[in-house]
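Report on the following structure.
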Amino acid sequence: MDRSWVEHYDEGMPKERACPDCTIYEMLVKSAEVFPKRTAISFEGTHILFSELLYEVDVLAASFSDCNIGVGTVVTICLPNIPQAVIAIYALNKIGAIANMVHPKTPAEELKHCMKQAGSECLMILDAFLPSRREAIESIEPGLVIVCKIGDYLSGIKSAAFYFSKGRKIPKIPRGPLYMYYDNLIRHGDHLRTGVLEDDYDWDSPFDDQKPEKEQTPYVRPIGPDDPAIYLHSGGTTGSPKVAIITSTNMNLPAVLGPQIVQAPDPFANPENFPKLAMVAILPLFHGFGICMCMHCMICNAITMILVPQFKPDELARIIKKEKPQLIAAVPTLYEGMLKSEKLKNMKLDFLRACFSGGDTLPMDLKKRFEEFVHARGANISLREGYGLTETLTVCAVNPAEECRAGSVGLPLPSIDMMITRPGTDEEMPIGEKGEICISGPTVMYGYLHDQEATDKAIHVHADGKRWIHSGDLGHRDEDGFFYFDQRIKRIIKVSGVPVFPTEIERIMMENEDVEIACAVAKSHPYRIHVVKAYVVLKNPDASLEVQQKVEETIRENCKAKLIPYACPVEYVFRRELPRTKIGKVDFCALQEETDRQEKEEGAVDA
């Protein structure tokens, strides 16, 4: 196949990269041995060194084992971006268990479903979220519920401040063998590791170097790099909810390429001279982009992850001002929030080394405005868009720093192949023609949990003998190997039988300088079956009706000039905001459901 994209890699990016024969736990061990005194986690003023992180992982793993959690046990991690989540993921991998990652605010019944679907026997949850979910949790009779507190890894002063402001209002966990506090589990693991009780010696820190240690049982790998390690909940390549089985190998390839992606040297080639770098980990760990690039990539490369538990633009701006990180990976809505932040308005941003956008299509207007914003504040960087799926740990292509092309999702990473095929077939399309984006390489998931039929639909073995995942996305590539995302295949509106693509309509609408965001959905029609309805948010949400009407008129004219008649919206609705998914994408499914519901209600009134 044509892999001309390797000629456009940044200097220092290898054309191929072997995937380490390691589990994700073993990757942490390597970093902790070479960089023991580097900060691995920064969390609200608490700094956990790599050596300390490994210690916490080992003691939690010991406690897990003592609770009969081992190879194949599924533990649901229902936590925000806090240290306990990171520690648990690596501790579970050490003993061969599986981390089932779910949103911390998952409603009770959905959490119950996620645990049943994954066969989960244990749950980790934040104390503040337990009361509303307790009844549902107990109804499935898990073996253990581990309750975490925000204060577990805060300094004494900050922990006390949190307790008196919010913590004291959180009910204590019920008595009984089902529930256990995380800090008690850590103490138990520490006792198993040292052979003494906490009361038998004094320490000022949970990471005190003076703690005694008994001789440790040598580590024996319980599972291999290609065995299931993590469950991620996905919309699937066909749109219905599924559980993607992720292995250590899936996680490791994009992670070890981290230095080349950000144009830094190999940290292990010359450890003493490897620069101190930090990444804002605001993308949630239940999402592939967050768990792989914001967590594991940082662990593998001795880069500090700054954990941000709240997925909000204001939080991102606060952390940038306080921590001055060199690296940011975020979704477009967070970058939009940065531009509006008063905190960053007059701040120098020359410390920024690389910014990446993923998880949703990056509007070209936002890319332009963001780059103008950071350039004016001393950062000579581009906002680099990438592409991926949950089923490929999200990142399989990214724009190079030295040749970042507007509108492109970038070049396939080393050892990853991408092609455009005729939808519904394995036939490769000519360069420049639109088709389905397909990916092959070490990042392709193990498969969907308990769903071989869906796995076989998503993953095809082509004539070259490789496993190719068919993404469900339409796209194309140019002659240099840069790929472009055009549209989700499943998100097509048929107007009088003619397929139209909402993403294309939205792009045209957002060319208007007054439009913040737009979304196109299907609306029923008596003879066309469907027509297009548009939801629009203006940059000035308080704009008068007269301004809205002028914007609508301009959009209509632009759509008429650039779209086929079938694709032109027949109705415009102006909103102050649009619903968002858990990672900040416009929730077009919610808008479609709202539109359908309104039509039914109107039909009932007419009847």
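Does Ile125 satisfy the criteria of being hydrophobic (A, V, I, L, M, F, W, C) and surrounded by fewer than 21 Cβ atoms within 10 Å (Cβ to Cβ)? Considered against the rule, which asks whether it is hydrophobic (A, V, I, L, M, F, W, C) and surrounded by fewer than 21 Cβ atoms within 10 Å (Cβ to Cβ), Ile125 comes out as no. Residue pairs whose Cβ atoms lie under 9 Å apart, separated by 6 or more positions or on different chains, with the first residue in the range 441-452 and farther than 9 Å from Val243 by Cα and modelled with pLDDT of 95 or more and the second in a strand (DSSP E or B) and of a type in the set (Asp, Glu), are Gly441/Asp417. Per the conditions (1) in a strand (DSSP E or B); (2) touching a helix residue (DSSP H, G or I) at 6+ places or on another chain (Cβ under 6 Å), the sole criterion not satisfied by Met445 is (1). Within the range 226-252, the residues that satisfy the criterion of being modelled with pLDDT under 95 and either part of a loop (DSSP other than H, G, I, E, B) or within 28 Å of Glu402 (Cβ to Cβ) (or both) are Gly235, Gly236, Thr237, Thr238, Gly239, Ser240, Pro241.
Looking across the range 141-165 at every residue that is within 18 Å of Glu52 (Cβ to Cβ) and without any contact (Cβ under 8 Å) to a residue 12 or more places away in the chain, the one that is surrounded by the most Cβ atoms within 10 Å (Cβ to Cβ) is identified as Ser159. Restricting attention to the range 400-419, the residues that are crowded, with 16+ Cβ neighbours inside 10 Å, farther than 21 Å from His287 by Cα and touching a residue at least 60 places away in the same chain (Cβ under 8 Å) total 10. If you check Val34 against the conditions, is it of a type in the set (A, V, I, L, M), in contact (Cβ under 8 Å) with a residue 24 or more places away in the chain and either in contact with a Leu (Cβ under 9 Å, 6 or more places away or on another chain) or under 19 Å from Asn184 (Cβ atoms) (or both)? No. Of the residues screened, Ser51 is one that is touching a Lys or Arg at 6+ places or on another chain (Cβ under 9 Å), touching a residue at least 12 places away in the same chain (Cβ under 8 Å) and in the same structural domain as Ile125 (by TED's automatic domain parsing). Answer yes if at least one residue in the range 476-491 is over 24 Å from the mean Cα position of the chain (by Cα) and of a type in the set (Val, Ile, Thr), and no otherwise. There is no residue in the range 476-491 that is over 24 Å from the mean Cα position of the chain (by Cα) and of a type in the set (Val, Ile, Thr).
The residues of the range 532-574 that are in contact (Cβ under 8 Å) with a residue 40 or more places away in the chain and either of a type in the set (Val, Ile, Thr) or closer than 18 Å to Gly337 by Cα (or both), listed by number, are Val537, Thr554, Ile555, Ile564, Val570, Val573. If you scan the range 453-490, which residues turn out to be in a helix (DSSP H, G or I) and in contact (Cβ under 8 Å) with a residue 12 or more places away in the chain? Scanning the range 453-490 gives Ala454, Lys457, Ala458. For the range 22-45, a residue qualifies if it is within 24 Å of the chain's Cα centre (by Cα) and surrounded by fewer than 16 Cβ atoms within 10 Å (Cβ to Cβ), and exactly one does: Gly45. Could you say whether any residue in the range 46-54 is crowded, with 22+ Cβ neighbours inside 10 Å, more than 30 Å from Phe274 (Cβ to Cβ) and at pLDDT 95 or above? Scanning the range 46-54 turns up no residue that is crowded, with 22+ Cβ neighbours inside 10 Å, more than 30 Å from Phe274 (Cβ to Cβ) and at pLDDT 95 or above.
The values are calculated or read from the model by the stated rules, or taken from the named source; none is laboratory data. Computed from a prediction, not measured in an experiment: that's the story for all the values here. Because the Cβ atoms are built from the backbone with ideal geometry, glycine has one as well, and the counts that use them run over all protein chains shown.
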